[in-house]
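**Student:** One structure, pasted below without further comment.
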Amino acid sequence: MKKLITIILIIALIIPAASIADLPDISGLTYDELVQLKDKINLAMWNCQEWQEVTVPAGVWEIGKDIPEGHWTIKPAYDDLLVYIVYTDRLDEYGKDVTYGWKGWHGSICNKKYKDGSLRMPEYPEEADIDMKAEMYFITKSPVIFTPYTGKPGLGFN
């Protein structure tokens with residue numbers, strides 16, 4: 001019985017080690033190569049069926065590079081928050097904001113708790129859905145949550 005338990009423990013230790021051995025060795029990569037690898041891994045994870053949502057921090061993000069191309073539903077990440085977002089085709093000379101003559105979409109989205117709170121701002125939607133294309137940009141001054149777009153809500157018509 002002791003031999004059987006010992007063999008089972010040895011096998012249990014070997015199998016995870018063998019699967020780790022299949023991973024590529026990244027110890028010789030430069031910092032820039034590691035950043036590129038991280039970006040590719042993030043995009044691959046976003047495109048997995050298991051992925052459900054991700055929090056995107058404030059900043060300027062390129063579609064197809066930082067955020068995968070596709071149709072997304074975007075909501076504020078925190079309670080009591082009104083968020084201004086921009087989807088644009090070009091940035092200013094500093095790469096931080098839109099520039100003159102830009103095309104795209106902009107607007108505010110409002111957390112439901114903020115909307116129902118003392119400020120009562122019902123004119124702002126709780127989420128936005130944007131069909132994002134590569135080489136466009138997404139700008140947010142506050143964190144937002146991206147989830148795959150699942151379609152318009154039913155209106156209840158028969």
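**Student:** Would you list LYS96, LYS65 from fewest to most Cβ contacts within 10 Å? Don't skip to the end; give the middle numbers.
**Tutor:** Details: LYS96 10, LYS65 14.
Going from least to most buried by this count: LYS96, LYS65.
**Student:** Let me ask another. Starting with the highest mean, order 137-149, 99-111 by the number of other Cβ atoms within 10 Å, averaged over the residues of each peptide. List each step's numbers first, then the result.
**Tutor:** Numbers: 137-149: 18.2, 99-111: 14.3.
Those peptides, ordered most packed to least, come out 137-149, 99-111.
**Student:** Here's something else I'd like to know. Set the Förster radius R0 to 22 Å, insert the Cβ-Cβ distance between VAL54 and ASP129 as r into 1/(1 + (r/R0)^6), and round the FRET efficiency to 0.05. Before the final figure, lay out each step's value.
**Tutor:** Values: r = 16 Å, r/R0 = 0.72.
With R0 = 22 Å, the Cβ-Cβ based efficiency is 0.90.
**Student:** Quick one: if you stick a label point 7 Å off each Cα along the C-beta vector at SER27 and LYS152, how many nm between them?
**Tutor:** Inter-label distance under the simple model: 5.7 nm.
**Student:** Can I ask one more? Between ILE41 and HIS106, what is the label-point separation in nm under the 7 Å Cα-to-beta-carbon projection?
**Tutor:** It works out to 3.6 nm between the two label points.
**Student:** If you don't mind, there's one more thing I want to ask. If the chain between TYR94 and ILE145 were fully stretched, how many nm would it gain, using 0.36 nm times the residue separation less the Cα-Cα distance? Numbers along the way, then the final one.
**Tutor:** Values: separation 51, 0.36 × 51 = 18.36 nm, distance 2.55 nm.
So the extension gain works out to 15.8 nm.
**Student:** With 10 angstrom as the radius, rank ASP97, ASP39 by how many other C-beta atoms surround their C-beta, starting from the fewest. Walk me through the numbers on the way to the answer.
**Tutor:** Working: ASP97 15, ASP39 12.
Listed from fewest to most nearby Cβ atoms, that is ASP39, ASP97.
Each reported figure results from applying straightforward, stated rules to the coordinates on display, with no laboratory input. The structure presented is a predicted model; accordingly, all values stated were derived computationally and were not measured. Reconstructed Cβ throughout: ideal geometry from the backbone, glycine too, with neighbour counts over all protein chains shown.
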